[in-house]
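The values are calculated or read from the model by the stated rules, or taken from the named source; none is laboratory data. The shown structure was predicted, so the numbers you read here are calculated from the model rather than taken from an experiment. Cβ coordinates were reconstructed from backbone atoms using ideal geometry, including for glycine residues, and neighbour counts include every protein chain displayed.
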Amino acid sequence: MALMRVDFYSEVLALSTSMTVILPQRTSSQIGMAGGTTGGDPPVLYLLHGLTDDDTIWVRRTSVERYVAPLGLAVVMPQVGRSFYADEAHGNRYWTFLSEELPELCRSFFRISDRREDTFVAGLSMGGYGAVKWALRQPGRFAAAASLSGALDITHRLEHPTDPLDEAVRRTVFGERPVAGTDEDTLALLDRVSGGPADRPALYVACGTEDFLYEDNVRFVAAARERGVPLTVDFSPGDHDWAYWDAKIADVLAWLPLPRATTDPAPPGPA
């Protein structure tokens, strides 16, 4: 694997920002780990961070680099602050950055696939919300999307704040704009997803039963089932912490419909 921190300029944000990226590498002599490739441009997972973290957090708190090594999967982890992956009312255009500029920049920087069947998104907490929102708003981009402990009923959370942080997010990100029924409301977005598996991404929702966001996830799952939107659900013991997310991101990677990777020794180069 190749692990890199990429510092770059965003025209949409009008500032310098960063992303952490894992790129696949075919290896056979590295002790304790073999790296795989799929042949051709590798599939890509956009992996989103939570409210209090940044683009480095997944590789600092989990073994995601080791988990993806044999899969031939590229992983892109962008930096979006506390934006809830939205164009903020009093801030910056992070939704536009994420959904329009970032994929184009990644394909210009790296050799990664742009095919829908090779493109996935996942995240935790705020990032779980961002992953589901992105997949439901742009279903033609993704084959699958996964939320771990996601804030999946954002309307309920904003209408029933439990701490000052909720109110601060509401003021900065959403301002006085309505959220219910809009493209920021993941439950409302379920009403706009139509067609069969070929037209909508597969969805995976996991949340620990001791998590403070558990009821948000229960409401989202119930709404999806009421609308006939199929999804894989994992409600099992766990809290809002990295022990849970480290285990569950491995489950997500096993669930993704990835092409088979090759971990056999790479052919020697020219003499």
task = Kindly check whether there is at least one residue in the stretch 43-58 that is on the phi > 0 side of the Ramachandran plot and either exposed (fewer than 15 other Cβ atoms within 10 Å of the Cβ) or part of a loop (DSSP other than H, G, I, E, B) (or both).
result = no
Matching option when the condition is at pLDDT below 95 and touching an Asp or Glu at 6+ places or on another chain (Cβ under 8 Å), among SER28, SER10 = SER28
query = Which of the residues spanning the stretch 201-230 are surrounded by fewer than 21 Cβ atoms within 10 Å (Cβ to Cβ) and under 19 Å from LEU47 (Cα atoms)?
reply = ALA202
ask   = For the stretch 30-42, which residues satisfy the criterion of being touching a residue at least 24 places away in the same chain (Cβ under 8 Å), assigned to a loop (DSSP other than H, G, I, E, B) and farther than 22 Å from GLY127 by Cβ?
value = MET33, ALA34, GLY36, THR38, GLY39, GLY40, ASP41
Conditions (1) surrounded by fewer than 16 Cβ atoms within 10 Å (Cβ to Cβ); (2) at pLDDT 95 or above; (3) in a helix (DSSP H, G or I); number of the one not met by ASP183 = (3)
task = Tell me, please, whether a residue that is of a type in the set (Asp, Glu) and either at pLDDT below 95 or in a helix (DSSP H, G or I) (or both) can be found in the stretch 241-252.
result = yes
ask   = So, in the stretch 14-41, of the ones that are in contact with a Lys or Arg (Cβ under 7 Å, 6 or more places away or on another chain) and of a type outside the set (Ser, Thr, Tyr), which residue ends up surrounded by the fewest Cβ atoms within 10 Å (Cβ to Cβ)?
value = MET33
request  = Test ASP234 against the criterion of being surrounded by fewer than 16 Cβ atoms within 10 Å (Cβ to Cβ) and not in a helix (DSSP H, G or I), and give yes or no.
outcome  = no
remark   = Those residues of the stretch 94-142 which are hydrophobic (A, V, I, L, M, F, W, C), in a helix (DSSP H, G or I) and in contact with a Leu (Cβ under 9 Å, 6 or more places away or on another chain) amount to PHE97, LEU98, MET126, ALA131, VAL132, TRP134, ALA135, LEU136
inquiry  = Any residue that is at pLDDT 95 or above, over 20 Å from the mean Cα position of the chain (by Cα) and outside any loop (DSSP other than H, G, I, E, B) - is there at least one of those in the stretch 198-218?
reply    = yes
task = For LEU158, work out the one condition from (1) closer than 25 Å to ASP234 by Cβ; (2) crowded, with 18+ Cβ neighbours inside 10 Å it doesn't fulfil.
result = (1)
ask   = Residues in the stretch 161-172: is at least one among the aliphatic types (A, V, I, L, M) and within 30 Å of PRO42 (Cα to Cα)?
value = no
